[in-house]
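Right, one structure below, let's go through it.
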Amino acid sequence: MTSKYDPLTAFLSATPAGSDDVILCLQRIIQILGFPLPESAFRYRQWWENQRDTSGRPQARAWSAAGFRVEEVKLSRIDGWVRFVGVGGLRSGRFSSQPPAGSQRKRTARRRNPISPQRHQAGKPFVKKSYYRELAARFGRTAKAFEYRAQNISHVLSLQGGG
């Protein structure tokens with residue numbers, strides 16, 4: 001069954017193994033989908049609620065089908081964002097050995113990112129473009145995908161006063 005939210009499913013499904021915490025600005029979700037979100041997505045948290053029965057909620061089916069659930073949401077047309085968290089073994093078996101997402105929430109924030117720039121050798125200049133190319137080759141995505149991911153993270157951190 002096709003849905004207009006299938007591009008979101010594809011985007012979330014294509015996140016690299018180990019990326020069980022995805023934060024997307026609402027404007028980025030609009031770019032991914034290729035159409036504007038309904039007004040209710042900017043006004044009501046219920047629009048973003050996880051559903052057991054997604055037959056009448058195609059947006060919830062989109063992230064559920066990719067093995068994610070919505071953990072947090074900030075409603076705003078200008079600087080709104082959604083935090084999707086991978087749900088155990090639902091992400092194509094990639095996380096089946098992990099404990100349920102809720103039980104590792106605090107550890108996820110402190111866990112060192114295996115692909116972070118800090119892991120590059122000290123003393124060598126850091127060039128973002130080559131770093132994104134390296135990540136693209138390693139995870140089979142485009143360098144632009146990693147650039148957008150970094151922009152999303154930077155934006156959310158700046159909203160939270162961390163950047």
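Quickly run through the range 13-67 and pick out the residues that are basic (Lys, Arg) and at pLDDT 90 or above.
Arg28, Arg43, Arg45, Arg57, Arg61
Looking only at helices (runs of 4 or more DSSP H) that fall completely inside the range 1-92, which ones have 1 or more residues that are within 13 Å of the chain's Cα centre (by Cα) and outside the structural domain of Ala150 (by TED's automatic domain parsing)?
Here the list reads 6-13, 26-33, 58-65.
Could you tell me which residue of the range 68-104 is modelled with the lowest pLDDT, considering only residues that are over 21 Å from Gln31 (Cα atoms) and in contact with a Ser or Thr (Cβ under 9 Å, 6 or more places away or on another chain)?
Among residues in the range 68-104 that are over 21 Å from Gln31 (Cα atoms) and in contact with a Ser or Thr (Cβ under 9 Å, 6 or more places away or on another chain), the one modelled with the lowest pLDDT is Ala101.
The values are calculated or read from the model by the stated rules, or taken from the named source; none is laboratory data. Note that the structure is predicted; figures quoted are calculated from it, not measured. Glycine also receives a Cβ, built like all others from the backbone with ideal geometry; neighbour counts cover every protein chain displayed.
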